[in-house]
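One structure, as structure tokens, below. Some questions next.
The values are calculated or read from the model by the stated rules, or taken from the named source; none is laboratory data. Quantities reported herein were computed from a predicted structural model and do not represent experimental measurements. Quick reminder, even Gly has a Cβ in these numbers, built from the backbone with ideal geometry, and neighbours come from all protein chains shown.
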Amino acid sequence: MTDGSRRERIIAVVPVRSLRNGKTRLATVLDEQGRETLLRQTAAGVVVAARHSGVVATVLVVSQDAEVLTWAATLGPDVIPVIQPADRPGLNGAIEAGREWALYDGATAILSLFADLPFLSPADIRGLIARAEPVVLGPDRRDEGTNALLLRLAGNGVAFRFAFGEDSLTRHLDEARRLGLDTGIYRAPGVAFDLDTPGDWTDYLATLPNLAAGVEPTLAPCGVGIA
């Protein structure tokens, strides 16, 4: 942990739309029950990585789904379910709700993390937060999407407009430039590897034997990524 991270109060924000109806693009390789099990496992793993990083004060699970909020309440005393307002839909709305909660709580930074990062580790969280820039972006494997975003809330951080969606990495870089905020890029397999498409699932299965043997996942390119 860096001296800077000791002085910071960092809130992790994990948006989860649904446990039952997510990951529809994996329907050709996993049935509905399999997708639900996968999402529960990956989302719980992301929360655990944040909790065990030693640099995150609180983890927010943000959702409009009552089942998700009930599930999040079972994950530990430092995990807080947050109801996503109906007038703030989608990923951007969820993370905006997390920022609002964090500001009210007196946090100095938020760290948004997608719930489908099966290899995310506490070391990845520490690596992101060790960067000193006001905005730190964790790209996906195509360098197009943003799987993690650290936003320090001082100054123009409160005005940063989240741009999750197509080409979000470029759009987040542009937004930081608009606000005059220096930006860092943090690349690591645990951040870059998400589970969104059948191709991702194939790569995931191919990686599991290496993990069992103690070999870290590699940062391989993929055909389709998520924003």
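Could you identify the single residue in Leu91, Leu103, Leu137 that is outside any strand (DSSP E or B), under 19 Å from Val55 (Cα atoms) and not small (Gly, Ala, Ser)? I'd like the intermediate steps shown before the answer.
Working: Leu91 fails: under 19 Å from Val55 (Cα atoms); Leu137 fails: outside any strand (DSSP E or B).
Sole residue among the options that is outside any strand (DSSP E or B), under 19 Å from Val55 (Cα atoms) and not small (Gly, Ala, Ser): Leu103.
Same structure again: Listed residues Val14, Val59, Val46; which is buried (at least 19 other Cβ atoms within 10 Å of the Cβ) and assigned to a helix (DSSP H, G or I)? Walk me through how you get there before you give the answer.
On the way: Val14 fails: assigned to a helix (DSSP H, G or I); Val59 fails: assigned to a helix (DSSP H, G or I).
Just one listed residue meets the conditions, Val46.
Identify, please: which residue in the range 21-39 is at pLDDT below 80 and either basic (Lys, Arg) or outside any helix (DSSP H, G or I) (or both) and is, among those, farthest from Trp201 (Cα to Cα)?
Asn21
Please give the number of the condition Val56 fails out of (1) of a type outside the set (S, T, N, Q); (2) modelled with pLDDT of 95 or more; (3) more than 16 Å from Ser112 (Cβ to Cβ).
(3)
Only residues in the range 11-38 that are under 15 Å from Val68 (Cα atoms) and hydroxyl-bearing (Ser, Thr, Tyr) count as the first member; pair them with residues that are buried (at least 17 other Cβ atoms within 10 Å of the Cβ) and modelled with pLDDT of 85 or more, Cβ under 6 angstrom, at least 6 apart or cross-chain, and list the lot.
If the second residue must be buried (at least 17 other Cβ atoms within 10 Å of the Cβ) and modelled with pLDDT of 85 or more, the pairs left are Ser18/Asp65.
Among the residues of the range 178-203 satisfying the criterion of being assigned to a loop (DSSP other than H, G, I, E, B) and among the small types (Gly, Ala, Ser), which is surrounded by the fewest Cβ atoms within 10 Å (Cβ to Cβ)?
We begin by selecting, within the range 178-203, every residue assigned to a loop (DSSP other than H, G, I, E, B); these are 179-182, 186-188, 193-197.
Filter once more, keeping what is among the small types (Gly, Ala, Ser): 180, 188.
On the way: Gly180: 9, Ala188: 20.
My answer is Gly180.
Quick check: anything in the range 66-76 surrounded by fewer than 23 Cβ atoms within 10 Å (Cβ to Cβ), assigned to a loop (DSSP other than H, G, I, E, B) and free of Cβ contacts under 8 Å to residues at least 12 places away in the same chain? Reasoning before the result, please.
So in the range 66-76, the residues surrounded by fewer than 23 Cβ atoms within 10 Å (Cβ to Cβ) come out as 66-67, 69-71, 73-76.
Going one step further and asking which of them are assigned to a loop (DSSP other than H, G, I, E, B), we end up with 73-76.
Then keep just the ones that are free of Cβ contacts under 8 Å to residues at least 12 places away in the same chain; that gives 73-74.
Scanning the range 66-76 turns up at least one residue that is surrounded by fewer than 23 Cβ atoms within 10 Å (Cβ to Cβ), assigned to a loop (DSSP other than H, G, I, E, B) and free of Cβ contacts under 8 Å to residues at least 12 places away in the same chain.
While we're here: What number of residues within the range 152-177 are among the acidic types (Asp, Glu) and either within 14 Å of Ile110 (Cβ to Cβ) or assigned to a helix (DSSP H, G or I) (or both)? If you could, list the steps in order and put the result at the bottom.
The first filter runs over the range 152-177 and keeps only residues among the acidic types (Asp, Glu), leaving 166-167, 174-175.
Next, from what is left, pick out any that are either within 14 Å of Ile110 (Cβ to Cβ) or assigned to a helix (DSSP H, G or I) (or both): 174-175.
Adding up the residues that qualify gives 2.
Identify, from the list Asp143, Asp116, Asp105, the residue that is buried (at least 19 other Cβ atoms within 10 Å of the Cβ) and charged (D, E, K, R).
Values: Asp143 fails: buried (at least 19 other Cβ atoms within 10 Å of the Cβ); Asp105 fails: buried (at least 19 other Cβ atoms within 10 Å of the Cβ).
Sole residue among the options that is buried (at least 19 other Cβ atoms within 10 Å of the Cβ) and charged (D, E, K, R): Asp116.
Let me ask another. Would you call Leu91 among the aliphatic types (A, V, I, L, M), crowded, with 24+ Cβ neighbours inside 10 Å and within 14 Å of the chain's Cα centre (by Cα)? Working first, answer last.
On the way: among the aliphatic types (A, V, I, L, M): yes; crowded, with 24+ Cβ neighbours inside 10 Å: no; within 14 Å of the chain's Cα centre (by Cα): yes.
Criteria not met by Leu91.
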